[in-house]
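> The following block contains the structure, expressed as structure tokens.
The values are calculated or read from the model by the stated rules, or taken from the named source; none is laboratory data. Quick caveat, the model's predicted, so the values are computed rather than measured. Note that each Cβ is placed from the backbone with ideal geometry, even for glycine, and that neighbours are counted across all protein chains shown. Just so you know, the surface numbers come from the protein's heavy atoms only, side chains and all, with ligands and any DNA or RNA stripped out. Shrake-Rupley method; radii C 1.70, N 1.55, O 1.52, S 1.80 Å.
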Amino acid sequence: MIKFLQGLPKVELHAHLNGSLNIDSIKELAENVYGQQSDEFASMCERFITFKKGSNLNDCFQKFAFVHELTSTRKGLERATELTIRDFAKDNVMYLELRTTPKSNDNMTRRAYLEVVMAAIEKATTEHAITVKLLPSINRGEPLEVAEETVALAIELGQKEPELIAGIDFSGDPNQGKFSDFAPVLEKARQHGLKLAIHCAEIDNPSEIREMLMFGMSRCGHGTFLGNSGFAHMKEQNIPIECCLSSNVKTGTVSSFGSHHLKQLFLADAPKVLCTDDCGVFDSTLSEEFVLASETFGLTRSQCIDLTMEAVQHSFASPEEKLKMKMRLYAFTRRQ
Ligand SMILES: CNc1ncnc2c1ncn2[C@@H]1O[C@H](COP(=O)(O)O)[C@@H](O)[C@H]1O
Ligand SMILES: [Zn+2]
């Protein structure tokens, strides 16, 4: 089964760039871009992937600062994007939607940040057999003006490169910021044809969950606290829930793999996709998430193929790209 899942051409729809850089690639990046590694750096790497028992979302958010340092220069960001795409391709991910929060600092404006990532995606996709789309992220913990700039850039750059920029991600610490403040800017993105992937119900916040469901979205990140009525709503609206098993268990929003809501989504026959979220931080791969899901819930090979087919269906790819992915999947299943 493990070999089968590794070989399966997969679709990753929920991956944050700075969370997806695995520990070996972080070391490679540090070596390539910033020179010799020190013992201190090695122990920082070790701390990065260690989650103590009882860790929470806050512990997780603190880990991002480490990679954010490494990607705070153009060269670092460019190489990190290339390495991340390479690693997904190595894991037989045929289609990847990568999200990232444009950041400004002394080295880059938010526009330059996005341009560097876009150029790196173009370069990496010529070297690896993978299609990549970009979803600029809004960090809900940052001021509204930043979100407005991000959406304006996504609209402008998306008009130049519509095949590359597919939508907007709404993420960040769910304990910070108010969704209702961001609804108008998200609505503007939607009016301009950008799809919305929204982190929703990662924590139990019933009034915000209601607001988000009323507002609508193309895909729902996590959906942990939606409950049965929320799942029924998602099914009725054909909105898939992006399930990230290791992420939810390691950050403590789900108590164990066995109690993950993926099970209820299967039982309710609601739309769902399997994703990694931050495979670097959580020290996982999409293949490993499939192994986890199949071992925990007894998924068969054919259910894993169906899950991938659902991901194709709910991706922000064009009809032609979806057809190509389905053909690759059929070709793979015929060879089994
Ligand atoms: C664990 N669950 C999560 N919930 C909410 N937001 C998350 C997240 N994991 C990652 N991010 C968001 O993605 C950023 C890192 O990638 P980028 O710097 O944008 O590439 C984090 O700082 C956070 O804003
Ligand atoms: Zn996420």
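> Counting only protein heavy atoms and using a 1.4 Å probe, what share of the accessible area of the chain belongs to carbon plus sulfur, as a whole percent? It would help to have the intermediate numbers written out before the result.
Values: 7180 of 14460 Å².
About 50 percent, which is the carbon plus sulfur part of the accessible surface.
> Below 8 Å between Cα atoms, with a sequence gap of 6+, how large is the relative contact order for segment 168-306 in percent?
Numbers: 176 pairs, mean separation 24.1, N = 139.
Relative contact order here is 17 percent.
> Can you give the charge dipole size of the chain about its Cα centre, rounded to the nearest 20 debye, using +1 on the beta carbon of Lys and Arg and -1 on the beta carbon of Asp and Glu? Don't skip to the answer; put the middle values down first.
Numbers: 37 positive and 46 negative charges, 187 e Å.
Roughly 900 debye, rounded to the nearest 20.
> What does the helix-only formula give at 222 nm for the chain: each DSSP H stretch with n ≥ 4 adding -39500 (n - 2.57), the total divided by the residues, and the result rounded to the nearest 500 deg cm²/dmol?
-17500 deg cm²/dmol
> Highest mean first, what order results for 230-240, 204-214 on Cβ atoms within 10 Å? Spell out each step's value before the answer.
Working: 230-240: 17.5, 204-214: 15.0.
My ranking of the peptides, most packed first, is 230-240, 204-214.
> Would you kindly give the portion of the calculated P(r) for the chain that falls above 26 Å, as a percent of all Cα pairs? Walk me through the numbers before you get to the answer.
Details: 25187 of 56280 pairs.
Value for the chain: 45 percent of Cα pairs lie more than 26 Å apart.
> Based on the alpha carbon coordinates of segment 42-140, what radius of gyration and maximum Cα-Cα distance (Dmax) apply, in Å?
Every Cα atom of segment 42-140 included, Rg and Dmax give 14.6, 42 Å.
> So, for segment 207-321, what is the accessible surface per residue at a probe of 1.4 Å, expressed in square angstrom? The partial results should precede the final answer.
Working: 4320 Å² over 115 residues.
For segment 207-321, the per-residue accessible area is 38 Å².
> Over the chain, what relative contact order in percent results from Cα pairs under 8 Å that are six or more residues apart? Each step should come with its number before you reach the end.
Working: 538 pairs, mean separation 72.1, N = 336.
In percent, rounded to a whole number, it is 21.
> What size of dipole, in debye to the nearest 20, comes out for segment 194-336 about its Cα centre when the only charges are +1 on Lys and Arg C-beta atoms and -1 on Asp and Glu C-beta atoms?
Values: 14 positive and 17 negative charges, 132 e Å.
I would put it at about 640 debye.
> In nm², what is the average projected area of the convex hull enclosing the Cα atoms of segment 217-333?
Working: hull surface 29.4 nm².
Computing the convex hull of the Cα atoms and averaging its projections yields 7.3 nm².
> At 20 °C and 1.002 mPa s, what whole-number value in µm²/s does Stokes-Einstein give for the translational diffusion of segment 118-269, with Rh from the Kirkwood sum over Cα pairs? Write down the numbers at each step before the final one.
On the way: Rh = 16.5 Å.
Estimated via Stokes-Einstein, D reaches 130 µm²/s.
> Per residue, what accessible area does segment 1-147 have, given a 1.4 Å probe and all protein chains present, in Å²? Write out the running numbers ahead of the final one.
Numbers: 6360 Å² over 147 residues.
Solvent-accessible surface per residue comes out at 43 Å².
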